[in-house]
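To start, the structure under review is shown below, and the notes come after it.
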Ligand code: ACO
């Protein structure tokens with residue numbers, strides 16, 4: 001029996017509903033028995049007020065701009081840890097000890113290669129295919145190659161497939177890039193770190209040795225940390241929903257990649273940089289701010305606003321700092337950074353954005369860094385998918401290991417025609 005109860009009155013009858021409490025965050029009204037008690041469903045398109053699951057991975061306080069992974073603030077993780085540490089933390093619940101991190105990193109490193117036949121898949125795509133289209137296809141196809149790890153009822157299979165997904169994603173993404181520029185694929189070099197290996201597979205060529213810039217490696221590793229997980233966002237919910245039917249993990253992650261691609265979600269980093277380039281110079285910012293405020297104009301400030309954050313996205317603050325570090329390390333600059341800084345400042349002073357609590361999100365500055373490193377805009381969302389794979393597999397594992405897990409199956413408010421008789425063709 002829950003400590004608190006909520007009361008719902010329907011047509012004069014009062015029903016008590018249990019109120020559940022998490023370790024932090026708002027309480028939730030448990031409506032699982034609502035239909036049985038009242039014959040009614042709840043209506044919440046977009047799940048604006050619906051907790052779809054119980055989770056111990058990530059906590060967000062959108063009002064305060066707080067993001068914790070297993071209790072650790074994202075700023076501390078971004079500053080002090082590595083992507084491999086964060087991956088271990090999300091998967092296992094605790095930060096790894098030194099030997100645990102070594103073993104985990106070694107395991108991931110030993111799964112970085114792709115089955116050689118998968119290379120044929122790439123050749124089937126047009127050269128100008130979007131990397132996310134390739135990622136969806138190739139990741140979904142992994143289930144055809146790794147039959148030995150698709151029994152989701154076996155914890156060992158789940159572990160191996162999770163490691164495979166995390167390990168192979170950089171190889172898959174780098175190959176998508178190489179294919180688009182017509183360069184040969186590079187095999188992984190397991191003497192390098194996870195992130196350095198990805199940089200080399202992306203920017204190296206077989207004819208020369210590739211020196212990984214330590215500042216770039218650190219910056220990209222930090223970007224991966226910032227994207228590792230974000231509780232029940234659209235793509236993670238997609239992975240959970242796909243997984244709830246018992247689908248294999250490779251298919252579930254492919255579903256997550258498809259969802260992430262959209263411009264309202266992971267595609268926003270690409271859209272944000274395109275927007276900043278279109279604005280071009282600070283004097284044009286007011287015009288774009290007016291457009292974003294105009295109800296008759298579909299234009300939105302990309303990289304601004306968030307379903308959960310009604311305060312500064314803590315990841316955007318780390319991103320902004322990382323832009324400067326990368327510029328300094330590479331001794332480069334980009335006029336879009338100045339446009340971004342001034343756009344942020346002007347928007348935050350504007351009543352429209354203040355009233356609607358619209359702040360820069362993680363995507364606002366990430367494109368500026370990725371572009372300085374040398375990634376084309378089409379690769380941005382692929383990098384997001386690479387990093388988010390850690391969160392997806394951790395959430396998927398959490399769901400499958402839960403003995404109370406059931407298939408996700410929302411209900412609806414039907415507004416179509418009521419029952420009517422079929423009309424033969426000559427009577428319509
Ligand atoms: N520019 C201008 N106005 C905006 C913006 C924006 N970027 N974002 C929201 N608004 C306005 C909406 O027009 C709406 O106004 P209204 O109440 O007068 O109708 C109000 O703010 C609320 O917006 P919703 O779309 O209802 O908020 P929701 O929580 O559904 O959407 C979303 C959040 C999709 C992120 C939205 O802010 C947006 O489209 N932002 C731009 C795309 C973006 O940056 N996406 C990345 C999200 S982070 C991530 O996925 C990693």
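Output the number of the condition that residue 121 fails; it satisfies all remaining conditions of (1) surrounded by 14 or more Cβ atoms within 10 Å (Cβ to Cβ); (2) under 22 Å from residue 190 (Cβ atoms); (3) touching a residue at least 12 places away in the same chain (Cβ under 8 Å); (4) over 17 Å from the mean Cα position of the chain (by Cα).
The single condition residue 121 does not satisfy is (2).
I'm checking my understanding of the structure. Among residues of the stretch 366-398 that are over 21 Å from residue 324 (Cα atoms) and surrounded by fewer than 22 Cβ atoms within 10 Å (Cβ to Cβ), which one is farthest from the ligand (Cβ to nearest atom)?
Among residues in the stretch 366-398 that are over 21 Å from residue 324 (Cα atoms) and surrounded by fewer than 22 Cβ atoms within 10 Å (Cβ to Cβ), the one farthest from the ligand (Cβ to nearest atom) is 398.
Please specify each residue of the stretch 342-365 satisfying the condition of being more than 17 Å from residue 268 (Cβ to Cβ), part of a helix (DSSP H, G or I) and either within 11 Å of the ligand (Cβ to nearest atom) or in contact with a helix residue (DSSP H, G or I) (Cβ under 8 Å, 6 or more places away or on another chain) (or both).
Within the stretch 342-365, 342, 346, 348, 352, 354, 355 meet the criteria.
Step by step: first the residues of the stretch 260-270, then only those that are over 17 Å from residue 228 (Cβ atoms) and modelled with pLDDT of 90 or more, then the one that is surrounded by the fewest Cβ atoms within 10 Å (Cβ to Cβ). Which residue is that?
Of everything passing the filter in the stretch 260-270, 262 is surrounded by the fewest Cβ atoms within 10 Å (Cβ to Cβ).
Quick check on the stretch 1-12: of everything there that is in contact (Cβ under 8 Å) with a residue 12 or more places away in the chain and either under 29 Å from residue 242 (Cβ atoms) or touching a helix residue (DSSP H, G or I) at 6+ places or on another chain (Cβ under 9 Å) (or both), which residue is surrounded by the fewest Cβ atoms within 10 Å (Cβ to Cβ)?
10
Any residue in the stretch 239-248 that is touching a residue at least 24 places away in the same chain (Cβ under 8 Å), away from the ligand (no atom under 16 Å from the Cβ) and under 14 Å from the mean Cα position of the chain (by Cα)?
Yes.
Considering only residues of the stretch 36-49 that are free of Cβ contacts under 8 Å to residues at least 24 places away in the same chain and away from the ligand (no atom under 14 Å from the Cβ), which is surrounded by the most Cβ atoms within 10 Å (Cβ to Cβ)?
Within the stretch 36-49, the match that is surrounded by the most Cβ atoms within 10 Å (Cβ to Cβ) is 37.
Out of all the residues in the stretch 66-86, is one or more touching a residue at least 12 places away in the same chain (Cβ under 8 Å), outside any helix (DSSP H, G or I) and more than 20 Å from the chain's Cα centre (by Cα)?
No, the conditions are met nowhere in the stretch 66-86.
Got a number for residues in the stretch 258-308 being out of contact with any strand residue (DSSP E or B) (no Cβ under 8 Å at 6 or more places or on another chain), at positive phi and either within 12 Å of the ligand (Cβ to nearest atom) or part of a helix (DSSP H, G or I) (or both)?
Here the count works out to 1.
State yes or no: is residue 382 under 18 Å from the mean Cα position of the chain (by Cα), touching a residue at least 24 places away in the same chain (Cβ under 8 Å) and farther than 24 Å from residue 63 by Cβ?
Yes.
Check residue 321 against each of (1) part of a helix (DSSP H, G or I); (2) near the ligand (Cβ under 10 Å from one of its atoms) and name the one condition it does not meet.
For residue 321, the exception is condition (2).
Test residue 405 against the criterion of being closer than 28 Å to residue 242 by Cα, modelled with pLDDT of 95 or more and either in contact with a helix residue (DSSP H, G or I) (Cβ under 8 Å, 6 or more places away or on another chain) or outside any helix (DSSP H, G or I) (or both), and give yes or no.
It is false that residue 405 is closer than 28 Å to residue 242 by Cα, modelled with pLDDT of 95 or more and either in contact with a helix residue (DSSP H, G or I) (Cβ under 8 Å, 6 or more places away or on another chain) or outside any helix (DSSP H, G or I) (or both).
The values are calculated or read from the model by the stated rules, or taken from the named source; none is laboratory data. Computed from a predicted model, the values in this text were never measured in an experiment. All Cβ positions, even for glycine, are placed from backbone atoms using ideal geometry, and neighbour counts span all protein chains on display.
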